[in-house]
Amino acid sequence: MFDNDALARKTLDPIFILLTGLLIGFVVIAVFVNHSGVPYIDTRLLLMLRDASDSTKEWGPSWVGETMRDITALGSNWIVAFFSVMFAWYLHLTNKTHLALWFLATVVSGAAFGFMLKLGFSRPRPELVPHATQVYTSSFPSGHAMSSALFFLSLALVVSWRNAYRSAKCLMLTIAVVIPIFVAVSRVYLGVHWPTDVTAGMFVGFFWVLFCFVIARPYLIRLDKN
């Protein structure tokens, strides 16, 4: 999927363009997150997911809220940690220990990086609407959005590794993008994150996975040949 043929061609490779775009996107959000215009945009977008007549209520019927709470669990640290260990164990049992180690290292290091970013920015949670779920850390970037991006994109890359079926690769990568977007929307819907929090979380999560993949790819290829 990602070629490393010649140094001159690397800058034209979509993966490097995507990495650059994700990094720039995160930096721009991080720089302007406290600018006067950003809270206004955040507020307008957050209120779009609330009841028009009463902003303390979530938009839509009760089943929408229940669905959002189910979706948001896909980015939970405990859920991601459990299934990461289970998937890595499966890879080890199928003689793909090198992929298991890369997978775990990427998810764990990404989660640690996200935690440090939260400590560094210490952005307060939205107080505009009631929180529909418990929260314990600061707001920026969204840990759920980042964790889901880390887990599902890493999972997709491992499943797609040496897979000859292009359509299967496209399906896995599509799922790896769509699920974190749903998780991100659920966090805003539940009133625990600003839209910029979840956008930044996805950007940095996807960036971290792709960066780790580009760095590790030559070693993974070499280990495959052994």
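The values are calculated or read from the model by the stated rules, or taken from the named source; none is laboratory data. Quick caveat: nothing in here was measured; it's all calculated off a predicted structure. Neighbour counts are summed over all protein chains in view; Cβ atoms, including those assigned to glycine, are modelled from backbone coordinates with ideal geometry. These accessible areas exclude ligands, DNA and RNA; they are computed on the full protein's heavy atoms, side chains included. Shrake-Rupley method; radii C 1.70, N 1.55, O 1.52, S 1.80 Å.
Of note:
- A simple spin-label model places the labels of Ile221 and Leu171 2.7 nm from each other, with each point 7 Å out along Cα-to-Cβ.
- Nonlocal amide H pairs with Asp51, under 5 Å, H built at 1.01 Å: Lys57, Glu58, Trp59
- For the chain, the equivalent ellipsoid derived from the Cα gyration tensor has semi-axes of 33, 20, 15 Å, listed largest first.
- Whole-Hz couplings from phi, Karplus 6.51/-1.76/1.60, listed for region 142-149; x for Gly and Pro: 5, x, 5, 5, 5, 4, 5, 5
- Remark: region 206-222, residue by residue, has Karplus-estimated 3J(HN,Hα) of 5, 4, 4, 5, 5, 4, 5, 5, 4, 5, 8, 3, x, 6, 5, 5, 5 Hz, where x stands for each Gly or Pro and the curve is 6.51 cos²θ - 1.76 cosθ + 1.60 at θ = phi - 60°.
- Shown for region 88-226: the carbon plus sulfur share of the solvent-accessible area, taken with all protein chains present and a 1.4 angstrom probe, equals 70%.
- The chymotrypsin sites (Phe, Trp or Tyr not before Pro) of region 99-199 meeting both criteria, a DSSP state outside H, G, I, E and B (loop) and at most 15 other C-beta atoms within 10 angstrom of the site's C-beta, are Tyr136, Tyr165.
- Pairs of C-alpha atoms in region 92-183 farther apart than 18 Å represent 57 percent of all such pairs.
- Descending semi-axes in whole angstrom, ellipsoid equivalent of region 62-116, from the Cα gyration tensor: 27, 15, 6
- Among the trypsin sites (Lys or Arg not before Pro) found in region 147-195, those both in a DSSP coil and sparsely packed, with 12 or fewer other Cβ atoms within 10 Å of their Cβ, are Arg162.
- Rounded to the nearest 20, the Cβ-based charge dipole of region 109-226 about its Cα centre (Lys and Arg +1, Asp and Glu -1) stands at 420 debye.
- Note on the chain: dipole from Cβ charges, positive end direction compared against Pro124, Ala149, Val135; the farthest Cα belongs to Ala149.
- Full-stretch length increase - Ser76, Val135 - with 0.36 nm per residue and alpha-carbon distance subtracted: 20.1 nm
- Karplus-derived 3J(HN,Hα), 6.51/-1.76/1.60, for each residue of region 40-46, Hz, glycine and proline x: 5, 5, 4, 4, 4, 5, 5
- Cα point-scatterer Debye curve for region 177-226, base-10 log of I(q)/I(0) at q = 0.16, 0.22, 0.25, 0.29 Å⁻¹: -0.56, -0.75, -0.86, -1.01
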